[in-house]
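Here the structure is laid out as structure tokens; the discussion comes afterwards.
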Amino acid sequence: MTIACLFGTFDPPHNGHLNIARRVLEQSGVDQVWLVITPMNPFKQDQAISANDHRVAMVRAAVEDTAGIEVSTEELALPPPNYTADTLAHFRTRWPEHRFRLVMGSDNLAQLDRWKDAEGILEHHGIIVYPRPGYDLHRNRSLLADHVGVTFLEGPVMDLSSTRIRQRVREGKPVDHWVGSQVGAYIAANGLYKD
């Protein structure tokens, strides 16, 4: 089975994440997409994030009854710091019967040279790239023209972020249309993002 891994803190998960996962399923020839919940992005160590149990519960609520999209908490159990290359290597060892691919936005592709073992990720897994606002997918395409393991997704660019959603919650504005009613209800019931 080929599994595409979309890593994130998912604080909170939103419709943009789900739309990307669905596009990966439709356009990339993968069997499943795993939303891999990360403890902390090594590039964002100064940011506070919600407790793991809240983020896991929200992602599970977001993907409930969504065929082909699964939740992975595997990285939460790995020792920090958590680098994508190390987690993917762990996945290869734990599930040798599967092939894992990495899903990333064109914003991350533009800084791939800063990632730990980027060449190893390309060699062992390949990358599925989706467009992000402000990052020209076609310009980035030429950066990896000689790597056959890179797939560029087509489709609309979504200007939606968890940061913006958290800000709207702090302002008392509705977010259900961005996160879905189940995730919205969870946020409200647990008083998340109010501080």
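The values are calculated or read from the model by the stated rules, or taken from the named source; none is laboratory data. Worth saying up front: this structure is predicted, and the values here are computed from it rather than measured. Every residue, glycine among them, receives a Cβ derived from its backbone with ideal geometry; neighbour counts consider all protein chains shown. Keep in mind that these areas ignore ligands, DNA and RNA; they rest on the heavy atoms of the full protein, side chains included. Shrake-Rupley method; radii C 1.70, N 1.55, O 1.52, S 1.80 Å.
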So which residues in the range 89-113 are at pLDDT 90 or above and either within 25 Å of E154 (Cα to Cα) or of a type in the set (V, I, T) (or both), if there are any at all? T93, R99, F100, R101, L102, V103, M104
Search the range 56-73 for residues being over 14 Å from the mean Cα position of the chain (by Cα) and of a type in the set (D, E), and hand back the single one that is most open to solvent (accessible area, probe 1.4 Å). D65
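Suppose we filter G155, G184, G172, G191 for residues that are at pLDDT below 90 and either closer than 24 Å to R22 by Cβ or not in a helix (DSSP H, G or I) (or both); which single one remains?
On the way: G184 fails: at pLDDT below 90; G172 fails: at pLDDT below 90; G191 fails: at pLDDT below 90.
Answer to the check: G155.
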E119 versus (1) open to solvent by 50 Å² or more (accessible area, probe 1.4 Å); (2) touching a residue at least 40 places away in the same chain (Cβ under 8 Å); (3) of a type in the set (D, E, K, R): which is the lone unmet condition? (2)
